[in-house]
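Take a look at the structure set out below.
The values are calculated or read from the model by the stated rules, or taken from the named source; none is laboratory data. Note that the structure is a prediction, hence the values are computed from the model and not measured. Cβ atoms come from the backbone with ideal geometry, glycine included; neighbour counts cover every protein chain shown.
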């Protein structure tokens, strides 16, 4: 696997941070505006701009036409980040299928926290993506279990998150390609909190820390993980190619 | 992983062989009735009855009400086999979702040959499941690359299939849990022809040999692989449990 | 993968529990004799006899000639369990190589707790098998993260171990075939406490709970995991075959 | 995973191509000097210099003191390539252990062709690394089965190698992290010809094409794969850290 950004120096990376934006619009919880005055997507985008100055980072939300994910946006996106929670079922199926085709063709996808239940994540993985949870603002420790992985580069071990919603096993996902982080919570639960998948030509990274009720996306170590994930998920080239049926004539390779 | 059939001696295994049955109904190709007088599902079921005398093997086809896959059928099925080709799009979405829930809850699934493009397989895997192909009746060699796997038990290495449709890489699937067989074809192509996946609590085995134009399902070695697959995919128990949200109180485990 | 014991009903399973026996011989810690009057191997063997009545369970220790692992013992063993700590370097290299050949040929191997640093485990895995540790008798919770795996069968989730030595990440092992259990400790650390590997034709299960200072091997849930591991690691047959060079003539398969 | 070379622009990559050099010294086969006037290591190094102009490529052979692999050489090496065949047993065990420590600490390792039986490869993998073989100069086709992997970047699918020794399954290796290439041979055999492993912090790539009897290492596509492998295996940093015992005080993370 590769931080394929390296061969892309001629032009900036194009990164799109998608957030449903419903918690922010509904002021739910009431103090979300103090915590995330530019929305969670704003905080995530700010972290990426700080750590990946070569990237061109934009944001998109559910309320925009086509949820801000029209074909022209996806065609130039190298990596899409996805935060959703309250409105998974309001995401249009046609947009989900469009995103899926781009991922299979090579666009990177970073799914965050409650995005585990999003249509795009469950559609790409095929399982329920169910998990155990409890929201009491308890301490999460994020441990690196694959230190050679580029997503773990420069990340303290563990990352200490003072307050976070608990996500626990059993997490109903297919076996990941790589298990990068395992979290523990004050209650004693564990969770595979950083996992990677390849689907088609696309790379997918799921990272669980981050929530509308806690300032986790302002934490520099969390921003580092997300930026590492973006670099890792960047495709080699923009020529998206969804695998397709081919029917080679026998004489191409037969004989010796 | 386990041939979980072992704990089930009290009652027979329940195995359902599903075939769309369209090639048979349409006499396409014209000689299919000579090759498979009881349909491909009949030949597959006969092999299972021979090799798994403890199993109760039934068949089901597209033309039946609910495609023969009503809730009562699936609730008692340990393992479902799936052959489809000409009519993937005529399989009802509600039936596909019902099958998927049963697989996630623990029912085994064996997907055969052109079933790689079925709704149930692509829905569970999330990718296109595309591949290269060529139908010129060429020799296929099926090599065992994981001899310790129970699906390879008692299987000659290689299995020689005199005539078969070529399926070649790139096969657009997620990395399998286990790669059991790799095939080569007379034209020189290779294919990951025997691969396993776990999704939820269910085990999935894909095996590519077998086609409406060739008598592959009568071949004893092929029948052995399929029977091994059924044993391997059999769940421990019939209490199907799709993973579900749980919300444990903190005091259950906290403290030391 | 398979609980391959199923095809072996004609004769009992042969299981050998190896313990270096040095802590017991040295009464280190002084109360070990109260905790394990028959040694840790005695407690482990008792659990296996209770849960696997079809098995013939014997024990062996470092002090015996050839450490109790002569050729005749290994040739009839289906599964070997290994507990070592204080005397890894006193295990004879020739015995280690003999055990390794048997594992590669198909004998199952269960490595327990401080056996992570044994010659046989590090030789089979190739890495340092280093880990973080702290011995303050803190609570360990053992969570199942692959509920479909036969080693997790009938195991409560989590297993609560009141007092145990902490083993923490980074655990320097190759990526396991299957990650079955993850533990958390009262201090907040996490550990991949139940992992499987295939090497050659042999199956290997590492399980970390258990220590000379705590009565963990008397705990029924721990005994259940170990018995499940033995069943899972049992080879299909006793005809041990270490993979060997073969040189097939070209005409065997060439042409179409 | 990452082509970690990207963060290393400040200084050249240091790549060492090791070849036992025995075939060349013994003129075995007699025409090897025509095929490889600078030895196989010379041809491999020339390919790397062409494709990785940022790299500083040196060579080393068995006949040199410490086989040319003294501590100062390994300490500055980012990636080591290994070709051996006739003299595996003449490689000094102390040198093998030194190389292994560097790999575990992060140095990349590329093992080529008959190096599958080298002490360093079998020591890192733990298995016999046995395979089937036949030397009749038959055509090999190298198929890409993980097109998103950076080692497959810019590589034709398949690579056609007009004449090569056959290497076939069963290849007794642990399940690889990634299976990048599968080869077929004119005789019909298949082989997992491009596989990756992580051991400790180090990345390992095994690639089977290449032999003293055929001009494979002059083939541009083969050189491309090897150069891709070197980039992929390059560590993030030179601060080699073999994982080591750590003993953290409980109060570091306990409590909530």
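Cβ-Cβ distances below 8 Å connect the following pairs, each with a first residue in region D:6-22 that is within 26 Å of residue A:54 (Cβ to Cβ) and within 14 Å of chain A (Cβ to nearest Cβ), a second residue that is at pLDDT 95 or above and assigned to a strand (DSSP E or B), and a separation of six or more residues or different chains: D:13/D:55; D:13/D:56; D:13/D:79. Assess whether residue D:142 counts as being over 23 Å from residue C:252 (Cβ atoms) and modelled with pLDDT of 95 or more. Spelling it out, it is not the case that residue D:142 is over 23 Å from residue C:252 (Cβ atoms) and modelled with pLDDT of 95 or more. Would you confirm whether any residue within region C:110-127 is more than 15 Å from the chain's Cα centre (by Cα) and touching a residue at least 24 places away in the same chain (Cβ under 8 Å)? Yes, region C:110-127 contains at least one residue that is more than 15 Å from the chain's Cα centre (by Cα) and touching a residue at least 24 places away in the same chain (Cβ under 8 Å). Flag set for residue A:67, criterion: touching a helix residue (DSSP H, G or I) at 6+ places or on another chain (Cβ under 8 Å), within 24 Å of residue A:208 (Cα to Cα) and at pLDDT 95 or above.
Taken over region A:155-192, residues that are under 19 Å from the mean Cα position of the chain (by Cα) and either at the interface with chain D (Cβ under 8 Å from one of its Cβ atoms) or touching a residue at least 12 places away in the same chain (Cβ under 8 Å) (or both) amount to 22. Can residue A:41 be described as at pLDDT 95 or above, more than 14 Å from chain D (Cβ to nearest Cβ), under 22 Å from residue A:201 (Cα atoms) and not in a loop (DSSP other than H, G, I, E, B)? The answer is no for residue A:41. What do you reckon, is residue D:79 under 15 Å from the mean Cα position of the chain (by Cα) and farther than 23 Å from residue D:213 by Cβ? Answer is yes for this residue.
Identify all residues within region D:131-143 that are more than 7 Å from every other protein chain (Cβ to nearest Cβ) and on the phi < 0 side of the Ramachandran plot; write none if there are none. Across region D:131-143, the qualifying residues are D:131, D:135, D:140, D:142. The requirement of being touching a helix residue (DSSP H, G or I) at 6+ places or on another chain (Cβ under 8 Å) and either within 30 Å of residue D:131 (Cα to Cα) or at the interface with chain A (Cβ under 9 Å from one of its Cβ atoms) (or both) is not satisfied by residue B:109. Quick check: anything in region D:84-94 in contact with a strand residue (DSSP E or B) (Cβ under 8 Å, 6 or more places away or on another chain) and more than 10 Å from every other protein chain (Cβ to nearest Cβ)? Within region D:84-94, one or more residues are in contact with a strand residue (DSSP E or B) (Cβ under 8 Å, 6 or more places away or on another chain) and more than 10 Å from every other protein chain (Cβ to nearest Cβ). Scanning region D:119-130 for residues that are in a helix (DSSP H, G or I), more than 28 Å from residue D:159 (Cα to Cα) and facing another protein chain (nearest Cβ under 7 Å) returns D:123, D:124. Picking from residues in region D:193-208 that are away from chain A (no Cβ under 14 Å) and more than 19 Å from residue B:183 (Cα to Cα), the one that is surrounded by the fewest Cβ atoms within 10 Å (Cβ to Cβ) is D:207.
When C:235, C:243 are checked against the criterion of being under 16 Å from the mean Cα position of the chain (by Cα) and modelled with pLDDT under 95, C:235 stands alone in meeting it.
Is it the case, given these coordinates, that residue B:211 is more than 9 Å from every other protein chain (Cβ to nearest Cβ) and closer than 30 Å to residue B:92 by Cβ? So residue B:211 fits the description; yes.
When only residues in region D:7-38 that are modelled with pLDDT under 95 and under 20 Å from the mean Cα position of the chain (by Cα) count, which is surrounded by the fewest Cβ atoms within 10 Å (Cβ to Cβ)? Applying the filter and picking the extreme gives D:12.
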